[in-house]
Amino acid sequence: MRKVIITRLLRLVGTLFAVTFLTFSLTSFLPGDPVDAILGVQSTRDPVVVAQIRDDLGLDDPFLVRYVDWLGDALTGDLGQSYITDQEISQTIKDRLPVTAQLAVMAIAIALILAIPIGIIGAYKQSRWPDTVTSAGVQFALSVPNFITGIFLIWLFSVQLKWLPSSNWNRISDKGLAENLKTSIMPATALAMTQMAIFSRLIRSDMIATLQENYILAARSKGLNDRYILFRHALRPSSLSLMTIVGINFGALLGGTVVIETLFAVPGLGFRLINAISQRDILVIQGITVFIATMYVLINTVVDLLYTVIDPRIRKG
Amino acid sequence: MSTTDGAPHTPDFPSDRLSRVSTSVQIDAGTQGKPKRATPREVWRDMPVLVKIAATWLVFIVGLAIYAKLDTSVFDGKLPLQDPNLQTNNFNAATGEFGTGEPIEGPSADHWLGTDAIARDTFARIAHGAWVSLIVATVAAAFGIIVGGLMGSLVGFVRGKTETFIMSMIDVILAFPALILLLALVSILEVRSLALISVVIGFLSIPAYTRVARANSLAISNREFVMAARSIGTLPRKILFREIIPNVLPTLLAYAMVASAFVIVVEGSLSFLGLSVALPQSTWGNMINQARGDIKVDIWQVVWPSAALSMTVLSLNQVGDWFQKRSAVRGSAL
């Protein structure tokens, strides 16, 4: 057990090194002079500013030195500052992470609320019409990209029914929960549909296998009713694999909200990243990419470890 | 062999029976032992109705894409398909008149799916957008199957340090959320041509294919026929190309269908963000993005490209899933 955890942590450190190195080298091998990218095509250039930028970026140092410097700063929470907005990148992340995280949590919650009953119906009524109908719906949800779902939600709820605003974001801290929900429910639902499809497929196939087990037969022969058996006996073994995929998908959603944030003009990490890309704001691209990738790796490791701790079969091995 | 050649006595066992046995085995191997390759007609006959519809849609989209490309590149716009970039209400210098088209029109005989916000023919734009999706998906699958398939089959077969090294590199690339790494890569491109976008997405497709190929190669390497090949001293290189890769390939092709569905969504998202192939080239994603500003007036210009994209993804998933199930059954019967 201890050995498993230590190997996993060592691997984590290795992966983090590799991930930061890759991100750093990507943005360092930008074609042309980074100073050009930062200053844009200005006709007049202040040599003092150019020298300042070169010094800030350490452009006159060898690549590895630059990497180590940057990594050392990053570890202390200093990711540099945007050359366009002059804002500290760590501050940008601090401001925007709660928004993206809220979206991701809401999306996962909505997905689970829908997926658990759908998956159970599919397994319980396997190959009969309720299963056929839900499976078709799930296939459909899996195939429609989230930005398309988002546009149709806007069309229905903002344009036709005029119930919800089509963009912008009210922070819970500014305007309270109710106002926040008005702006967050649509992007979260759009994100949730794909997740719902993934989760319910997993629950369905897992439960079909579980329902074949002898202990289900035993529970049935004791005369327990079907609903009790489904929720108390059959759902439990699936919760492990479900937890794993929920964890991994939560990590992926931190980066996967980019398109939906852009569509709904949600001031999260992804929207900022897209802005930075269109402005070629390199340090911001670098900072946000590294942050999201690091979170993703960390969450995956935590999920992995939890899985080891919870599942007795792996724990013993 | 050479030692027995010179021996004065052949060993006294019933050689005739032995030879008969071995020939009968060979006959079996020649006729029934080889897995029969299904003809396209047989594959079609086995498909459930829904999969047939999906496959038909895919053939239609591929045909449409190629037709659209032929129209502009070979026939110079003379085939019956409208110019995707012509604003049909524009002033025409040659005739001295304005075009008769209207922006955001409903379907008509001239414009089957109507026109977009600047009066361009939507059907033609969807056809040309199909070409982008087709190329991106094909290039990604080619990269994945050729590079990822070869690498995965190799490391699953030889194991050892090569495997550890290659798989840890793969793990690092997979440690990024896919879209974020793609965005970071695309953001450093100066020119966003179809070729470059395809190559970037293709490069990012390699890791997943490598994983699939490795898992299959591992399983196949432990099978009896590979052990048999090893025991008679077949060169490892020959085992890899004659035994392992032909058996990994069907699974990989089925996977390619599902992976292509994902690639098309990713390209769609990238286009939607305005970071894929540069305008005026139409892509399904950028058509949706351009039309979404007008949904207060008209939703249909969003519906058409969305339907094309979603139906293609749905069809690829359906056909891919079906092939995966089919090859799994065939694999277990081997």
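For A:L305, are the conditions met, namely being more than 10 Å from every other protein chain (Cβ to nearest Cβ) and out of contact with any Leu (no Cβ under 7 Å at 6 or more places or on another chain)? Break it down stepwise before answering.
Numbers: more than 10 Å from every other protein chain (Cβ to nearest Cβ): yes; out of contact with any Leu (no Cβ under 7 Å at 6 or more places or on another chain): yes.
For A:L305, the condition - more than 10 Å from every other protein chain (Cβ to nearest Cβ) and out of contact with any Leu (no Cβ under 7 Å at 6 or more places or on another chain) - is met.
Give me the helices (runs of 4 or more DSSP H) completely within region A:62-177, filtered to those with at least 2 residues that are within 14 Å of chain B (Cβ to nearest Cβ), ordered by residue number.
Numbers: elements: A:63-75, A:89-124, A:129-143, A:146-153.
Fully inside region A:62-177 and qualifying: A:89-124, A:129-143, A:146-153.
Given the criteria of a type in the set (A, V, I, L, M, F, W, C), over 30 Å from A:S166 (Cβ atoms) and open to solvent by 60 Å² or more (accessible area, probe 1.4 Å), does A:I248 qualify? Lay out the reasoning, then the answer.
Numbers: of a type in the set (A, V, I, L, M, F, W, C): yes; over 30 Å from A:S166 (Cβ atoms): yes; open to solvent by 60 Å² or more (accessible area, probe 1.4 Å): yes.
It is true that A:I248 is of a type in the set (A, V, I, L, M, F, W, C), over 30 Å from A:S166 (Cβ atoms) and open to solvent by 60 Å² or more (accessible area, probe 1.4 Å).
Taking region B:253-262 only, how many residues are more than 9 Å from every other protein chain (Cβ to nearest Cβ) and either open to solvent by 30 Å² or more (accessible area, probe 1.4 Å) or within 12 Å of A:P145 (Cβ to Cβ) (or both)?
Total meeting the criteria: 5.
Quick one: which residue in A:I185, A:I208, A:I172, A:I154 is at pLDDT 85 or above, within 21 Å of the chain's Cα centre (by Cα) and either buried (at least 17 other Cβ atoms within 10 Å of the Cβ) or in the same structural domain as A:I229 (by TED's automatic domain parsing) (or both)? First the steps, then the outcome.
On the way: A:I208 fails: within 21 Å of the chain's Cα centre (by Cα); A:I172 fails: at pLDDT 85 or above; A:I154 fails: within 21 Å of the chain's Cα centre (by Cα).
Answer to the check: A:I185.
Could you check B:V277 against (1) at the interface with another protein chain (Cβ under 8 Å from one of its Cβ atoms); (2) over 19 Å from B:F123 (Cβ atoms); (3) in contact with a Leu (Cβ under 8 Å, 6 or more places away or on another chain) and say which number it fails?
Of the numbered conditions (1) at the interface with another protein chain (Cβ under 8 Å from one of its Cβ atoms); (2) over 19 Å from B:F123 (Cβ atoms); (3) in contact with a Leu (Cβ under 8 Å, 6 or more places away or on another chain), the odd one out for B:V277 is (1).
May I ask you to list pairs of residues, at least six apart or on different chains, whose Cβ atoms are under 8 Å apart, with the first in region B:281-297 being more than 8 Å from chain A (Cβ to nearest Cβ) and the second being open to solvent by 60 Å² or more (accessible area, probe 1.4 Å)?
B:S282/B:N85; B:N286/B:L279; B:M287/B:W304
It is to be established whether one or more residues within region A:164-173 are of a type in the set (V, I, T) and out of contact with any Pro (no Cβ under 7 Å at 6 or more places or on another chain). Give the steps one after another, and end with the answer.
Kept after step one, since they are of a type in the set (V, I, T), are these residues of region A:164-173: A:172.
Filter once more, keeping what is out of contact with any Pro (no Cβ under 7 Å at 6 or more places or on another chain): A:172.
Checking region A:164-173: at least one residue is of a type in the set (V, I, T) and out of contact with any Pro (no Cβ under 7 Å at 6 or more places or on another chain).
If you go through region A:255-277, how many residues are touching a residue at least 12 places away in the same chain (Cβ under 8 Å), surrounded by fewer than 24 Cβ atoms within 10 Å (Cβ to Cβ) and facing another protein chain (nearest Cβ under 10 Å)?
2
Within region A:1-11, which residues are more than 10 Å from chain B (Cβ to nearest Cβ), part of a helix (DSSP H, G or I) and of a type outside the set (S, T, N, Q)? I'd like the intermediate steps shown before the answer.
First, the residues of region A:1-11 that are more than 10 Å from chain B (Cβ to nearest Cβ): A:1-10.
Imposing the further condition that a residue be part of a helix (DSSP H, G or I) reduces the set to A:2-10.
A:R2, A:K3, A:V4, A:I5, A:I6, A:R8, A:L9, A:L10, listed by residue number.
Answer yes or no: is there a residue in region A:50-60 that is surrounded by 13 or more Cβ atoms within 10 Å (Cβ to Cβ), in contact with a Lys or Arg (Cβ under 7 Å, 6 or more places away or on another chain) and at positive phi.
Narrowing region A:50-60 to residues surrounded by 13 or more Cβ atoms within 10 Å (Cβ to Cβ): A:50, A:53-54, A:56-59.
Within this subset, residues satisfying the condition of being in contact with a Lys or Arg (Cβ under 7 Å, 6 or more places away or on another chain) are A:58.
Now restrict to residues that are at positive phi: A:58.
Yes, the conditions are met somewhere in region A:50-60.
Taking only region B:225-245 into account, find how many residues are within 15 Å of B:L150 (Cβ to Cβ), surrounded by 12 or more Cβ atoms within 10 Å (Cβ to Cβ) and either free of Cβ contacts under 8 Å to residues at least 40 places away in the same chain or of a type in the set (S, T, N, Q) (or both).
3
Are there any helices (runs of 4 or more DSSP H) wholly within region B:110-208 with 3 or more residues that are closer than 30 Å to A:V284 by Cβ and away from chain A (no Cβ under 12 Å), and if so which? Break it down stepwise before answering.
Numbers: elements: B:122-143, B:149-158, B:160-174, B:178-187.
Filter on region B:110-208 gives B:122-143.
Please verify whether region A:244-254 includes one or more residues that are more than 9 Å from every other protein chain (Cβ to nearest Cβ) and not in a helix (DSSP H, G or I). Steps first, answer last, please.
Pass one, region A:244-254, residues more than 9 Å from every other protein chain (Cβ to nearest Cβ): A:244-250.
Right, trim to not in a helix (DSSP H, G or I) and you get none.
The answer is no, given that none of the residues of region A:244-254 is more than 9 Å from every other protein chain (Cβ to nearest Cβ) and not in a helix (DSSP H, G or I).
The values are calculated or read from the model by the stated rules, or taken from the named source; none is laboratory data. Note that the structure is a prediction, hence the values are computed from the model and not measured. No Cβ is skipped: glycine too gets one built from the backbone with ideal geometry, and neighbour counts run over all protein chains shown. Side chains included, ligands, DNA and RNA excluded: accessible areas come from the protein's heavy atoms. Shrake-Rupley method; radii C 1.70, N 1.55, O 1.52, S 1.80 Å.
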